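**Student:** Supplied in structure tokens, the structure appears directly below.
Read the figures in this text as sums done on the coordinates, not as results from a lab. Note that the structure is a prediction, hence the values are computed from the model and not measured. We place every Cβ from the backbone using ideal geometry, glycine too, and count neighbours over all the protein chains shown.
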Amino acid sequence: MSMPESKIRAVIVDDEELARQVVRELLSTHSEIEIVAECGNGFEAVKAVTELKPDLLFLDIQMPKLDGFEVLELIGTNMAIVFATAYDQHALRAFEVHAVDYLLKPFGADRFEQSLARAKQRIGGKLPEPSELKASTRAAGEYAERIVVRDGTRVHIIPVTKLDYAEAQDDYVALASEGKKHLKQQTISGVESSLDPARFLRIHRSYLVNLERVAKIEPYGKDTHLAILNDGTRLPVSRSGYGRLRAVLDQKG
Amino acid sequence: MHPILGYPRRLAIYLFAWLTLSELLFYLITYHSGVGWLDAGIFFFPLSIFYGFVCLSAWYSCRGIPIEGTSFAGLIGPHLLAAILVSFFWVATAKAFARVLGHFERFRGAPERVANITQLLLIIGILLYLLAVALFYVILAQEESREAEQRAMHAGILARDAELRALKAQVNPHFLFNSLHSISALTSTDPKRAREMCIALADFLRSTLGLGEKELIPLEEELSLIHSFLAVEKIRFGARLQMEEQVDKDVLDCMVPPLILQPLVENAVSHGIANLTEGGWIRLHAGYDDQRSSVSIQVENSFDPEAPARRKSGVGLANVRRRIDTRYGNNASFSVEKNGERFHVGMLLPVEKKPVPA
């Protein structure tokens, strides 16, 4: 076995001190691994991972502030991720985000060693590194209730009820909420697919609107229209977007 | 829905019985006045049917005046008044009908004959109406007992359901797994606390055993169940979990359905405390309400309104609400309130004291 040149840097994320202690203890026999941070909630995890860029992440799923998947959505998956949770129902989602392993609490040293071995393989580059987290890590018929956005090491949580519209901007999406715009590195189609289509509608190649915010639609130019939102914002509506919008609004009566 | 009008088959039986009875009566009346039975039959047939329908209206007044909780006078008075009025109306109709029939040769003397027996008709009309009243009260009583039976059956099913779910919920696998994980953490660093936690977990599991069979338990027992549950959670969450309890000693011997509070406390932990980085508090308050007619129990906890949604939230609450509804109906109340960062569940249960052992 070839030793890595530098130590593997690990971050442990779990809201329960005793659970972190288990991982810490099981790692203590591995001198090649260095624990660079321990986090008790999702915000701390985002901050620590952004700043420290660890190789290995032990991640609980149900935590205060942000759950494990939301954390990954913000920090990406360019590291080996080992989930550790008492819940087995998230295993499928864990595979979709290319987790190295899914440890079910309580776990012992043997099982942990297996995870570690797999993680080292991933870190050694023997397993393909996923490039981007898929937005479809959600069960069918289930839509996001909130969108998490990272601004440096800070995290904003936007409940979808407070999202006015989304605007595509190159590689980013600008999410307009309560008079502010939050940039997120995602495609507008990705945002669209995570939201309930009964509440959000793509009115333009670059615009996704919260239907509750639409106050009126005005003709604009030859083939296009403008959607005027409650706060006066004017958004372009494409021809096909107008058709979709009409269909929905007519249905609502 | 009207118990007779609403069902064609019942209506047919009702009208048939009605016709037989009334035609017989009228035949007896007219027999003495020398009218042939055929003529009497022809005359009274439409009148009987008509009156039969009129008397169906007694259902509404019967439903409006329940036998239970109404004085004798309050019961007889309105119905008798109604009987007299309806009968008058009917006799007037009979007279009008007789006048119409009087135009025909065969029924020439009909108006006079009817006039001769006005009093008798009135009395019969009143009696028939009262008979209908009696019939409807029988139907009402029957419906009530069937409903009670159904309610009892429903309650039984729900209780068994709750028992099963309670067993599942109590030995909530995630609660167990997380606790075991904590114990495994403690075994190397703090064996003494690991043992304490094992014992607390065992205490809790033991106290939930066999609870499903009991319909009611003293509040004291439910509280000790909560204490052993919290003893486990306290080791898991440490200082993050703050519990405050304010229980009136007088209500400790009041009977409550088993596992009616524990799910609320478990909710407070998993949806409140577990989502708060700095931890939070749970407050439990139990005592009499102002009139001392109900036991008031409140469970309050802090929570993060922006916490990520956890699956299955609200199922435990809905369960408790349903169990209270089925068991106590309108005699109890249950409320859930979200107020900023405070989650409040309150219930008012009727006072039932622990039976003194003989």
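**Student:** Quick one: net charge of B:H2's neighbours, Cβ under 15 Å, K/R +1, D/E -1?
**Tutor:** +2
**Student:** Using a basic spin-label model with each label point 7 Å from the Cα along Cα→Cβ, how many nm lie between A:K162 and B:A141?
**Tutor:** The answer from the label model is 6.4 nm.
**Student:** Can you tell me the length gained on complete extension of the stretch B:S57 to B:N116, counting 0.36 nm per residue apart and subtracting the Cα distance? Write out the running numbers ahead of the final one.
**Tutor:** Working: separation 59, 0.36 × 59 = 21.24 nm, distance 2.83 nm.
Contour length minus the Cα-Cα distance gives 18.4 nm.
**Student:** What's the magnitude of the charge dipole for segment A:8-123 around its Cα centre, counting Lys and Arg as +1 and Asp and Glu as -1 at the beta-carbon? Answer in Debye, nearest 20. Could you put the intermediate results ahead of the total?
**Tutor:** Working: 12 positive and 20 negative charges, 59 e Å.
It works out to roughly 280 debye.
**Student:** Now for a separate question. Determine the equivalent ellipsoid of segment B:28-104 by diagonalising the alpha-carbon gyration tensor, then write out the semi-axes as square roots of 5 times the eigenvalues, largest first, rounded to whole Å.
**Tutor:** Result for segment B:28-104: semi-axes of 33, 13, 11 Å.
**Student:** Further question: Over all directions, what mean area does the Cα convex hull of chain B project, stated in square nanometres?
**Tutor:** Mean orientational projected area (chain B, Cα hull): 27.5 nm².
**Student:** Given 5 Å bins starting at zero, what is the percent of C-alpha pairs of chain A in each, up to the one with the largest pair distance?
**Tutor:** 1, 6, 13, 15, 16, 12, 10, 8, 7, 5, 4, 2, 1, 0, 0
**Student:** With a cap of 11 neighbouring Cβ atoms within 10 Å, and only residues DSSP puts in a loop, list the trypsin sites (Lys or Arg not before Pro) found in segment B:247-294.
**Tutor:** Values: sites: B:K249, B:R283, B:R292; in loops: B:R292.
Loop-located and lightly packed - B:R292.
**Student:** Using the alpha-carbon atoms, what tilt in degrees (0 to 90, nearest 10) does helix A:239-252 show relative to the longest principal axis of chain A?
**Tutor:** Approximately 90 degrees, to the nearest 10.
**Student:** Further, regarding this structure: Equivalent-ellipsoid semi-axes (√(5λ), Cα gyration tensor) for segment B:88-244, whole Å, largest first?
**Tutor:** That gives 81, 13, 12 Å for the three semi-axes.
**Student:** Let me ask another. Given +1 on the Cβ of Lys and Arg, -1 on the Cβ of Asp and Glu, and no further charges, what dipole in debye does chain B carry about its Cα centre, rounded to the nearest 20?
**Tutor:** 940
**Student:** Which pairs, out of A:K162/A:K216; A:K181/A:K252; A:K7/A:K120; A:K65/A:K105; A:K65/B:K192, put more than 23 Å between their alpha-carbon atoms?
**Tutor:** Among A:K162/A:K216; A:K181/A:K252; A:K7/A:K120; A:K65/A:K105; A:K65/B:K192, the Cα-Cα distance tops 23 Å for A:K181/A:K252; A:K65/B:K192.
**Student:** Per 5 Å bin, what is the whole-percent P(r) computed from every C-alpha pair distance within segment A:8-123?
**Tutor:** Spelled out per bin, shortest first, that is 2, 13, 26, 28, 22, 8, 1.
**Student:** Determine the dipole magnitude for the protein assembly as shown: charges of +1 sit on the beta-carbon of Lys and Arg, -1 on that of Asp and Glu, nothing else is charged, the reference point is the Cα centre, and the result goes in debye to the nearest 20. Spell out each step's value before the answer.
**Tutor:** Values: 69 positive and 74 negative charges, 384 e Å.
Value, rounded to 20: 1840 debye.
**Student:** Exactly which trypsin sites (Lys or Arg not before Pro) in segment B:10-109 are in a DSSP loop and have at most 16 other Cβ atoms within 10 Å?
**Tutor:** B:R106, B:R108
**Student:** Note down the relative contact order for chain A as a percent, whole number, built from C-alpha pairs under 8 angstrom at least six residues apart.
**Tutor:** After rounding, I find 11 percent.
**Student:** I need the fraction of alpha carbon pairs in segment B:8-150 separated by more than 25 Å, rounded to a whole percent. It would help to have the intermediate numbers written out before the result.
**Tutor:** Values: 3535 of 10153 pairs.
Result for the distance tail: 35 percent.
**Student:** If each of B:E196 and A:S28 carries a label point 7 Å out from its Cα toward its Cβ, how far apart are those two points in nm?
**Tutor:** Distance between the two pseudo-spin positions: 2.0 nm.
**Student:** Give the dimensionless ratio obtained when the Cα radius of gyration of segment A:158-252 is divided by 2.2 N^0.38 Å. Before the final figure, lay out each step's value.
**Tutor:** Working: Rg = 12.4 Å, N = 95, 2.2 N^0.38 = 12.4 Å.
Normalised Rg, Cα atoms only: 1.00.
**Student:** Which whole-number percentage describes the relative contact order of segment B:171-350, with Cα contacts under 8 Å and a sequence gap of 6 or more?
**Tutor:** 17
**Student:** To continue, here is another question. Quick one: helix A:42-52 against the long Cα principal axis of chain A, what's the angle to the nearest 10°, folded into 0 to 90?
**Tutor:** It is inclined by approximately 70 degrees.
**Student:** Could I ask something else about it? Using DSSP to call loops (not H, G, I, E or B), can you name the GluC sites (Glu not before Pro) in segment A:148-195 whose Cβ has at most 13 other Cβ atoms within 10 angstrom?
**Tutor:** Values: sites: A:E167, A:E178, A:E192; in loops: A:E178.
Loop-located and lightly packed - A:E178.
**Student:** Okay, moving on. Between B:I157 and B:I84, what length in nm is gained on full extension when 0.36 nm per residue of separation is reduced by their alpha carbon distance?
**Tutor:** Result for the pair: 21.5 nm of gain on full extension.
**Student:** Using only atoms on other chains, find how many Cβ atoms lie within 10 Å of each Cβ of peptide B:182-193 and report the average.
**Tutor:** Going residue by residue through B:182-193 and averaging, the value is 4.
**Student:** Could you bin all the Cα-Cα distances of the protein assembly as shown into 20 Å bins starting at 0 and give me the percent of pairs in each, rounded to whole numbers?
**Tutor:** For the protein assembly as shown, the binned pair fractions read 15, 30, 25, 17, 10, 2, 0 percent.
**Student:** Report the percentage of all Cα-Cα pairs in segment B:171-350 whose separation exceeds 25 Å, rounded to a whole percent.
**Tutor:** The share of Cα pairs beyond 25 Å in segment B:171-350 comes to 34 percent.
**Student:** Tell me, what is the percent relative contact order of segment B:77-192, built from C-alpha pairs under 8 Å that lie six or more residues apart?
**Tutor:** Dividing the mean separation by the residue count of segment B:77-192 yields 25 percent.
**Student:** With label points built 7 Å along Cα→Cβ from the Cα atoms of B:E337 and A:R244, find their separation and express it in nm.
**Tutor:** About 4.3 nm, to one decimal.
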